[in-house]
Amino acid sequence: MGARSGDGMTQAPLIGFEIHDASLWEPSRVLPFIEVMERWGYNALVLHQNDLLDACTQLGLTANYGVSDLRLKKVRNNAAWLNRLVERLAESGAKLFLEIKEPSFHDYALEFYPGLIGSGGFPDPTREDWTDLCRAKVSDLLARVPGIGGLIVNLSSPESRVSLPDHLAVHAPDLEPVAWFDRMIRAFYGPLSEAGKQLCIRDFSYTPGMQSDVLAAVERYGGQVGASVKITAHDYFPEAPENPVIRSGAGPVVLEFEAFGEHTGWGVIPNCRVAELRERMAGFREIGAAGMLVRTSWEAITGANALDGLSAVNVYALPRLIASDVDADELVRDWLREAHGIEGDTAEEVADLLLRSWQIPAAAYWNGKVFPRHSCLPSKWQEGWLSMATTGMGRRDRDLRIAPDDPELSEQARRALFAAKEEATALAHELAAAAGGIASKVPESLARQLEGFAWLPYFAGQFELASKAAFYAARGQAEDLERLPALCSGLSDLADEIARALDAVPDLPHHHRVLLDPDQIRLFVKSLATPDGTG
């Protein structure tokens, strides 16, 4: 997918603008995005939906002709939209890629491939019929959308309709998936390579063992297949170290970046990751990465894209950092000039605000550990603690185990944690006030986006109080538990204040209310009524 020739890879690095929400079907949203792609140096549009291959293909007509025929009309309509995108992208030499999670199937496929069902009556992803189905789906897609650039396929995620990890854990714990990965990759690679299209296997594995198996399978293709990996291990958590597998050498590596704010406030609050991305791009250049994917939206949030607000600065900055390093302040000022027509002292003021504001979403974490749940408060303090202990994979059904001598619970750790949270809340108030003063100096388009600074104190305040309360609940000493009622009262008062602030804004986008949901704060407070985890 870049920096190679003669083996199916393109010469120039792939620079992919990734849409990962339902708006990928909306011409009124996507076509303007392509105009921005052309201005900012993107050469690929990546549409990311788990079952996208199923939505764009059909292998025949089943016995229920009415349902089957209706579905075929939808498939043909979807394919027509993709073909329109292919034609539009070709005007600037860009290509269209689909990003999917497999194994997946539409129910009609069971009539054609009954062997997909295992002996227990459930879909069994280890059966060889899956390779036949996937190969047929890819061939059908290529017939309907011949101009597509290729596929980015995830084979190891529990988020696919048929989860290989969950199947192995429950039904076949001793089965080694090595041969399965080889078969599945061949199913996609065969028809794609014959048509001169590109294949990239995406690693989104929840265990190191499966991650190793996936990347080893990619490596066996000797550069013919790319490996798509997130720049940070497992997910896009701020301050997380570089994903160690990006230097594994498992095929041409495409690095995945996140610009929207899935874990940093959804663009509701400022999400200027430019300084952080600048540091991470040093690794991109060092390994000679084959390309990048820049995610601009998230499947759980509808109607919101990074280009709608201040997160657009991340989308602008990343392609600028491919060839060489550029100062973060320069990148932000260049974006302000190009996107909003401001420069000089005013641009410097806004750039300073944006770069400093990054401390607020980053401070929602607990000494770099994943306390938030997709930018929101966890539903229970226990869930937040488990999330920290499992690098974001905390599950409500797991037992809570806290060691009395956990260094996170020392008095020294408490002082450092509390000071950091209080500092973040103070900074949030400072930046909110400063942004309000600058609004009159900038164009209306930017002034509206700067309104996001007003939510910073609420965002920082809830995590300050919640972190303090979770600390005391986890340590559980008598004097700790005596401090909990005051913190609970503070959280409840903050929930009421946020509710009033939300109601005061007419036509507020719905995802703002989800991010700052007062009832989520109240739910967290409820868990503190029984800090031993029984409530």
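The values are calculated or read from the model by the stated rules, or taken from the named source; none is laboratory data. All values derive from a computational prediction rather than experimental measurement. Quick reminder, even Gly has a Cβ in these numbers, built from the backbone with ideal geometry, and neighbours come from all protein chains shown. Accessible surface areas use protein heavy atoms only, side chains included; no ligands, DNA or RNA. Shrake-Rupley method; radii C 1.70, N 1.55, O 1.52, S 1.80 Å.
Key figures for this structure:
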read-out	value
Charge dipole magnitude, Cβ of K and R +1, D and E -1 - the range 125-179, Cα centre, debye nearest 20	320
Angle in degrees between helix 65-90 and the longest Cα principal axis of the chain, rounded to the nearest 10	80
Assigned charges on the beta-carbon of Lys, Arg, Asp, Glu; the range 207-328 dipole about Cα centre (debye)	260
Dipole-positive endmost among GLY147, ILE360, VAL225 within the chain (Cβ charges, Cα centre)	GLY147
Cut-off under 5 Å, modelled amide H: who pairs with GLY394 long-range	SER387
MRE, 222 nm, helices only [DSSP H, n ≥ 4, -39500 (n - 2.57), over the chain, to nearest 500]	-15500 deg cm²/dmol
Volume per residue of the C-alpha convex hull in the range 14-143, rounded to whole Å³	114
Extreme residue, positive dipole direction of the range 354-438, given options MET388, ALA433, ALA413 (C-beta unit charges)	MET388
Counted charge near THR391, where neighbours are those whose Cβ lies closer than 15 Å (Asp, Glu -1; Lys, Arg +1)	0
Diffusion constant of the range 69-139 at 20 °C, which comes from Stokes-Einstein with the Kirkwood Cα-pair radius and 1.002 mPa s, µm²/s	148
Charge dipole (debye, nearest 20) of the chain; +1 at Cβ of Lys and Arg, -1 at Cβ of Asp and Glu	1000
Cα long-axis angle, helix 344-357 against the chain (0 to 90 degrees, to the nearest 10)	90
Listed residues GLY121, ALA250, VAL36: farthest to the positive end of the dipole of the chain (Cβ charges)	GLY121
Helix 129-144 axis, angle to the chain major axis (alpha carbon atoms, nearest 10°)	90
Range of Cα positions in the range 103-155 per principal axis (Å), largest first	40, 22, 15
Correct option for P(r) over Cα pairs in 10 Å bins from 0, in percent [calculated from the coordinates] among (1) 3, 14, 22, 22, 16, 10, 7, 4, 1, 0; (2) 3, 15, 20, 19, 16, 12, 9, 4, 1, 0; (3) 4, 17, 26, 25, 18, 8, 1	(3)
Stokes-Einstein D (µm²/s) once Rh is taken as the Kirkwood radius of the range 34-108 over alpha-carbon pairs, at 25 °C in 0.890 mPa s	177
Cα gyration tensor, the range 424-535 - rounded (a/c under 1.5), prolate or oblate	prolate
Per residue, in Å², the accessible surface of the chain once ligands and nucleic acids are set aside, probe 1.4 Å	40
Shape call, the range 366-414: gyration tensor on alpha carbons, a/c limit 1.5	oblate
Debye intensity ratio I(q)/I(0), log10, the range 59-211, q values 0.11, 0.15 Å⁻¹ (C-alpha model)	-0.48, -0.86
Computed log₁₀ I(q)/I(0) - Debye formula, equal Cα scatterers, no solvent, the range 238-335, q 0.11, 0.12, 0.15 Å⁻¹	-0.32, -0.38, -0.59
P(r) of the range 346-475 over all Cα-Cα pairs, binned every 10 Å from zero, in whole percent	12, 39, 27, 15, 6, 1
Percent accessible area from carbon and sulfur atoms, the range 82-201, protein chains only, probe 1.4 Å	49
